[in-house]
Every structure is written in C-alpha cells, then in structure tokens.
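Taking it in order: structure first as structure tokens, then the write-up.
The values are calculated or read from the model by the stated rules, or taken from the named source; none is laboratory data. These figures come from a predicted structure and were not determined experimentally. A quick note on method: Cβ atoms are made from the backbone with ideal geometry, for glycine too, and the neighbour counts reach across all protein chains shown. These accessible areas exclude ligands, DNA and RNA; they are computed on the full protein's heavy atoms, side chains included. Shrake-Rupley method; radii C 1.70, N 1.55, O 1.52, S 1.80 Å.
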Amino acid sequence: MAQTPSFSREAMKQYKWFLSRYPTRRAALLPTLRLAEQQFGELGVAEMRYVADLMKISPAAVFGVVTFYTHYRRAGTGKFHLQVCSTLSCALRGSEDVVTRISERLGISPGETSECGLFSLSKVECLGSCDTAPMLQCNDDYHEGLTLEDVDQLIEQLRSEASQGVNG
Amino acid sequence: MARGDTPMTRWLLNGQEVENPTGMTIMEAAREHGVDIPDFCYHPGLSIAGNCRICMVESNRSPKPIIACSERIADGLEIKTDSDVAVEARNSVMEFQLINHPLDCPVCDKSGECILQDHSYTHGPDRSRFVEDKNIRHTKELGPTISIWGNRCIVCTRCVRFCDEISGTGELCVVERGDRAVVDVFPGIPIDNAMAGNTVDICPVGALISEDFKFEARVWNMDRRDSVCGGCARGCNIEVETLDGYVKRLLPRENLEVNDWWMCDHGRYGWRHLYSENRLTTARTANQELEDDSATSTLADFVSRAKKVAFLIDPFLTCEELSLIHGLSSSIPDSIVGGWLPPKGTAEQFPSGFTISSAKHPNRRGAEKIFGSKVFGKDGKDLLKALDSRKVSTLIAFCGGPAEEGPGSSWSEAIRKARKRIVFSVMDGDWLKGASLVVPATAPLEKEGTWINEDGRLQRARSCWKPGDEPFCPELVRLQQVQMACEIRTRCLSAAGVFRELAENIKAFSQHSHSDLGDGGLPLSRRRARVDSKGGTR
C-alpha cells in the first residue's frame, strides 16, 4: 500500500500562512491544492483526501474543485502535460489545429496519456496569454505564438530530454 | 404599513400594487399572490443558489432580467413576470437547458413528475435548433440506493446543497465544468446517509434515480394517499403511492412542524415486509385455516365466553383501534391490559434539525393516553407476571410490528402460558405455534386512524388499501364486529366515527375530530384556531 501523503514541516508552515491570508479556511483551498501538487507531484485520491481532512471540508468538495480547474496535475498525468489553451483568442488563431497536430504525433486524444507515460494532452481554459495566441503550457512553461512546426519541434525536444534523463 | 408587527413592502407585480413582508424574495412574494414563477434550483428547504436562471423576470431597477429566487422585494419595485422580456428570457433558458438533455422521457422514471418536463411544456420550444452532437456524461451508482443518469442532469445542485446543509454529510459534489459538469461522489465514498433518498425527490429532473423504484411504475398510473410513516415515533408525513393495490414507493410530504420536506431512508424503504412471504394474510385456529368471516365469529365466540381475560397491546395500534380494545376490555369484568414495546433503535439528529427517533413505533403516546401512562411500564410487567403465574386464561395479543419473532422472546414465552391465546400478527413466525386463533393484522401503512407522535402531535394515517380491496378484514372493522357480537355496539363505524366516540369517552381527545386534524395533524393539547367573521383568529 502506498504511503499516506502528508505535508512536510515546510509545507505545513506554508499552509498555516495561507490560512492567515483568507477570511475562511475553505477559501484557502486553491493555494493549498497547489501546495499539495508541488509536494506530492500529483493530486490523486489519497492526496485529495489528505487535503480534505487537513482543511476539514468534505472530500467531495475538494474533488469538485480539483476537477473544475484544468490546471491541477491529476493522478495518471504523463511526465509532460501539454495543456493547449482553447479559449477564444487561441481558438481564433488555430488552437484546434495545434491539438490535432499533437494528437496525430502522439496518437492520443485530449484527456488521454500516451502509452509510454511521457505525454498527456488536455484542452484547457484561458491561460492569460491571448496576445501570443495560439499557445500551450507544458508543465510550468509557456510555449507561445505556436506554428505547427513549433509543435513538432517541441515534441522532439521533450522526447530527447526524456531520453537524456533531463527533468522536464 | 405593517401586518401585525411585520414591516411590509409595497411593490408592483404585473401592474398590480401588492404588499408582502419586507425581506421576502420576489419568487416567494409572487407565489403568495398566486403568480407562479418557474424554478429548478430553488427549493424552500435549501439555500439559494441562483444557478438555473429559469426564474428570470423583468424589473424596473435593472437593464437586464433578474432572477426572482434571490432578488428581494423593495418599495416601488416593479416586476413583470409575463412581459416579452421575461417570456423571452425564460424561453431561452429553457432552450439552453434542453441542449444536452437526452429527452428520454419515455424511459425516464421521473417522467410525469419532472419539473423540466413541465417547464418544457409551458416555456420551452417545440423543437430544437441544436444540430451539434449532444455530449455524454456518466451513468453510475453513487451509493447503495441511488444512481446518477448524468445526461439528464441540469446541474441545479439541489442534491449537493441537500447533502451539505440538511444531512450534513457532504457526499455529493459537481465535478468538471461547463457542459461536462455533472454530479458525482468522491471515489470510494458513496452516498449512504440515512436521508439520502430525499436527493432523488428533490432532483428536478430524472438524473438521480432511486434503485428501489427504478422501472417499477409510471408515476401517473399510481394512486396516492397522504399518510404518516409508522417507522418511528417521529411520525413523518408521507405520501404512499400504490399501483394495483401494491405499495411502490413512499415520499415525504411537507410538514414544517414535523419533518419539513424530508423523511429518512429507514422509513422510505421500510415497507418491503408488507409483501414478504412470511406475511400473515389468513386467519387460522390451532388446526385449520379460516375464512375471514368465520375468523371474526370465532374470535367473538372466544371473547364472549372468556374468563380471566388479558389484553396485550402494541404501540403500532391506532388510537381508534386502541379505543375499541378499551371498549372490549372495559366490558369484561376483571380484564387486565398491558403493553409491549419493540427494542430501542438508534436515534439520529441531522444539522438541519431533522431527527430519527430511537423509538421504532408510531403510537406509544396514544396508547398511554387511552390506557394510562403505565400501560407499557408497570401494567406490562404485571401482565407478564400474571401470565407467568398462569392467572390469565384467555390472552388477546396484538403484534403489529414488522419483526417476525413477534414481541420478543420473553413475551412469546409468557404468551404460551395462557390457556387460550388469540394473536393478531402482521408477520407469521414460529412463536405463533399452538395459538388458539391467529388473526392477520394490518401493518402501519394499512391502517386508517390516528397516531400521536413523540411530540404529542395527533396525526392521521391512511390506509394504502382502497375501500373494498382489503385482502383481509382490518382490526378497525373486526374489533367493531366483535363488539357487536358481544352486544356492546349497534353498528360499525368508519375510523372518523370511532374517533368521535373516543373524543366523547376520553378527555384528552375531546378537542379533536378527524376533519379538524387536516393533512398536517395538530398537537393533542391544542385546538385548531377558528377564524371568526372579522378574519382574525381567536
């Protein structure tokens, strides 16, 4: 059985600081989830349960929040999470073509993870970079003003990073 | 401007000047004046969410339509519920609600009592302009009794708010967003609280489905009767729905004095024993089965010739049945009466104030009013002693509970010591062996009469049987026939008639009659206030 997740001393200190910055405990859920994500690598059932118990809110409420947002790293996400912005500006500038290109290159549809476990593809809501549409976010990095060639190049680059063991 | 002490607000509803208590929402206020504003997410027992938008109305204070469920009335506010703006807003919302809805009413259990269906009929378009593919959302079990048919969900969040606010268990949430949003539970934590069934009732569409009722009946084919749940001493007001004389489901009925809009799952699903194969439906003597009529005459024969008679009563009997037993016992010299109680269950209290009583029977209070407050205490013990020392020759016992072992081992052993024993029982069981006469008894949902709940509220229970369709003679009639055979009664009365006699004989009931009790019952100690000619109450 996997070890029960638990915040480190540092993370707990951070969490207490979040609580002091919000009028209600529940309001600190978003940053706490981000903290949990950084601490545990992803948000799976055990991690969400831990946050719920820690914050004394129902696990279902945490589950609802995690699934509402597209930008939390959920359990089963590949090493590289390609999140293609699909909201208005990017959609007008061809985000659908970007998604199609990635799907073709990786053989996965949005919401899926490649068999090798390297790539996950999602269509996400606005990432606030409308001036450089179309764009995608790979893990913590923005890749902006994309052409289809850029997409191919990015995938190659990520593959070689993975084979060299460089942390994406 | 005040009605009593309540400050009032004057406002305009569809061009008419009206007045309501200050602070009311537009929807509640309009409904007081008979103007119905449609709703999905609004429920009087839950917090206001304002997410479905179907209740939009035109206001003079806003450039755009506003939602009537959350906006409050104000002096000088002008609301139009049937203007072009309001009608168009409603129609558009309806069109959006139906975009991804599967329109599978012909196979949907909610069909016929579905708010979406009703509003679609009144406010919706007669055809869809949506040519794209409808999206698919999950259909799965959320708990042992409830499943979600996600495609039908309109994400009103009534069920989610119920679990947060009323049951306080918080099992449900809305997952995903936009058109993918749907109700779900946290993985591995099913919805299994004791009030869960209510989420199905308050679902305005057929998204939450009761596994117990799924595909059981079309709602328009069922007969409905207002009754009271006999599962515990709370006495939740319920509707009993039957198809071809068989109970199909129980629903809670609004009564703010007792159960608000809710009932617990123990009561809701606690009727299956009615149709159990161990249900007793025919009378029998120690060696043969009896026709219903001859059972009554045999019973009358026993009673009229009996000596050293004792009556063992249960807390499931109605006040009317108890009154008839009281009549019989007082006509037999030296007869004794005691009562038995089923074992205590667990009590539960929910954050909303809704309670489940630990007393798993409906009418202890009524029996104590009629036979005295010691009937289940000292009188019961005395009767047990009398049985043990074989001082009882004929025992007439009532066992109206759902338990197959009857009133429990200590009682059934004692009962065997009576030379002649006549037992009214709902369920058949080994403990009935050797009884001189076994008579089928009505279970709580089959009784016509009144019960007094743990708060002392007198309420009317009604039988799920249609008059003339009774599978056997109910105690209310059988006991009267016995009284007639014993010549202490001249004619057989309805439950209301028997209650009238009870009100004449026992002071505690003297203020009441069946018709006064109405649908919601009354505290035994209080009479319904009568409205005098000036419109005030006295």
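Of note:
- Solvent-accessible surface of protein heavy atoms, probed at 1.4 angstrom with all chains present, puts B:H101, B:H273 in the order B:H273, B:H101, largest first.
- Counting Cβ atoms of other protein chains within 10 Å of each Cβ in A:55-68 and taking the mean gives 6.
- Taking every alpha-carbon pair under 8 Å whose residues sit at least 6 apart, the range A:80-164 reaches a relative contact order of 36 percent.
- Selection from B:V240, A:S114, B:C486 lying farthest towards where the dipole of the protein assembly as shown points positive, charges on Cβ: B:C486
- The Kirkwood radius of the range A:9-68, taken over pairs of alpha-carbon atoms, gives through the Stokes-Einstein law at 20 °C and 1.002 mPa s a diffusion coefficient of 188 µm² s⁻¹.
- Overall form of the range B:363-436 per C-alpha gyration tensor (a/c, 1.5; a/b vs b/c): oblate
- Debye log10 I(q)/I(0) at q = 0.13, 0.14, 0.17, 0.26 Å⁻¹ for the range A:80-164, Cα point scatterers: -0.35, -0.40, -0.60, -1.40
- Spin-label pair A:T147-B:L103: with each label point 7 Å from Cα along the Cα-Cβ axis, the two points sit 4.7 nm from one another.
- Flagged links, alpha-carbon separation over 22 Å, of B:K308/B:K420; B:K110/B:K360; B:K308/B:K385; B:K214/B:K466; B:K374/B:K420; B:K140/B:K214: B:K110/B:K360; B:K214/B:K466; B:K374/B:K420
- Projected area, mean over directions - the protein assembly as shown, Cα convex hull, nm²: 41.1 nm²
- Shielding of A:43-50 by partner chains, average beta-carbon count, 10 Å: 1
- Residue by residue along B:167-177, Cβ atoms of other protein chains within 10 Å of the local Cβ number 5 on average.
- A 1.4 Å probe run over the protein assembly as shown, with the rest of the protein chains in place, finds 47 Å² accessible per residue.
- The range B:278-523: C-alpha gyration tensor shape, a/c 1.5 cut-off, then a/b vs b/c: rounded
- Sites matching chymotrypsin sites (Phe, Trp or Tyr not before Pro) across the range B:195-224 that sit in DSSP coil, with at most 10 neighbouring C-beta atoms within 10 Å: B:F215
- Point-to-point label distance, A:C116-A:D140, nm (Cα→Cβ direction, 7 Å offset): 2.4 nm
- Shape of chain B, Cα gyration tensor, a/c cut at 1.5: prolate
- Cα-centre dipole for the range B:234-302 with unit charges at Cβ (Lys and Arg positive, Asp and Glu negative), debye to 20: 340 debye
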